[in-house]
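Data first, discussion second: the structure below is written as structure tokens.
The values are calculated or read from the model by the stated rules, or taken from the named source; none is laboratory data. Because the structure is a prediction, the values reported are computed rather than measured. A quick note on method: Cβ atoms are made from the backbone with ideal geometry, for glycine too, and the neighbour counts reach across all protein chains shown. The area values use the complete protein model at the heavy-atom level, side chains included, leaving out ligands, DNA and RNA. Shrake-Rupley method; radii C 1.70, N 1.55, O 1.52, S 1.80 Å.
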Amino acid sequence: MKQYVAEFFGTFWLVLGGCGSAVLAAAFPDVGIGLLGVSLAFGLTVLTMAFAIGHISGCHLNPAVSIGLWMAGRFPANKLLPYIVAQVIGGIVAGGVLYLIASGKADFSLAGGFAANGYGEHSPGGYSLVAALTTEVVMTMMFLFIILGATDARAPAGFAPIAIGLGLTLIHLISIPVTNTSVNPARSMAVAVYVGDWAMAQLWLFWVAPIIGAILGALVYRFIGSSDD
């Protein structure tokens, strides 16, 4: 149970820190943190939680990561569903806290997107469904590759949180203009349920693509990272 509670709070922090920076600080009048700041915020949530709860739950914070670790033989199947449920609930609760904070501003409107992920007319840069699908699959694949490599028993000990946090930062730097960056179904669902409408209609992609990408990343690393020649 402690592992599931850790995943709840870890995902809560990821959504509140990452999406919160996008909603509250990215375009703050005159001195907003911009895409670079939002990218760094997402990376910092994972970095800080990896040190805080990595020894308790493994700090997945992401259904796609849990599935990818299972595919790689690093995570038991009987914990998959409880982990995913804890992650999704943690994200949704964080989305609710963020909504409560953001709606305290007089001109607040969900029309701004509330950091939801999207494609087509709802992509920040107007990118197509195919572009969004490709981006999410490839970025999640590389994220899992980084996670598996950084946490390999042969990797330098103690540095995995840094590699993983910076990896997520880089992923956001690349892909925010395309989809607002998901690579995490729980993060996408956390804000989509409050936006409703188009965000819920497009949510399927941000479940399917990250899971496919995670599976591919796991398969690639199982081949490359194998001790066999």
>> Charges on Cβ only, +1 for Lys and Arg, -1 for Asp and Glu, centred on the Cα centroid of the chain; of Thr169, Ser123, Val85, which one is farthest towards the dipole's positive end?
In response: Val85
> Just by accessible area at a 1.4 angstrom probe, what is the order of Leu47, Leu173 from largest to smallest?
Replying inline: Leu173, Leu47
> Between rounded, prolate and oblate, where does the range 39-139 land on the alpha carbon gyration tensor, with a ≥ b ≥ c its root eigenvalues, rounded for a/c under 1.5, else prolate if a/b exceeds b/c?
Replying inline: oblate
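For the chain, what are the DSSP H helices with axial Cα length of 18 Å or more and mean Kyte-Doolittle hydropathy of at least 1.0? Let's see the in-between values first.
Working: long enough: 2-20 (26 Å, 0.70); 34-57 (33 Å, 1.73); 80-102 (33 Å, 2.00); 129-150 (31 Å, 2.16); 160-179 (27 Å, 1.81); 205-224 (28 Å, 1.99).
Span-like helices in the chain: 34-57, 80-102, 129-150, 160-179, 205-224.
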> At a 1.4 Å probe radius, carbon and sulfur cover how many percent of the accessible area of the chain?
Replying inline: 71 percent
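Roll a 1.4 Å probe over the protein chains and send me the accessible area per residue for the chain in Å².
On the way: 10440 Å² over 229 residues.
Each residue of the chain exposes 46 Å² on average to a 1.4 Å probe.
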> Between Leu36 and Ala52, what length in nm is gained on full extension when 0.36 nm per residue of separation is reduced by their alpha carbon distance?
Replying inline: 3.3 nm
>> Shape verdict for the range 122-229, please, from the Cα gyration tensor: rounded (a/c under 1.5), prolate (a/b greater than b/c) or oblate.
In response: prolate
> Between Thr134 and Phe223, 0.36 nm times their residue separation minus their Cα-Cα distance comes to what?
Replying inline: 29.8 nm
> In whole Å, what is the distance between the alpha-carbon centres of the range 1-70 and the range 162-178?
Replying inline: 12 Å
>> Rounded, prolate or oblate, given the Cα gyration tensor of the range 9-65, with a/c below 1.5 counting as rounded?
In response: prolate
> Based on the Cβ-Cβ distance of Phe108 and Leu170, what FRET efficiency does E = 1/(1 + (r/R0)^6) give at R0 = 45 Å, to the nearest 0.05?
Replying inline: 0.90
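Restricting to Cα pairs below 8 Å that are 6+ residues apart, what does the relative contact order work out to for the range 1-156? Please round to a whole percent. Could you put the intermediate results ahead of the total?
Numbers: 138 pairs, mean separation 43.4, N = 156.
Rounded, it is 28 percent for the range 1-156.
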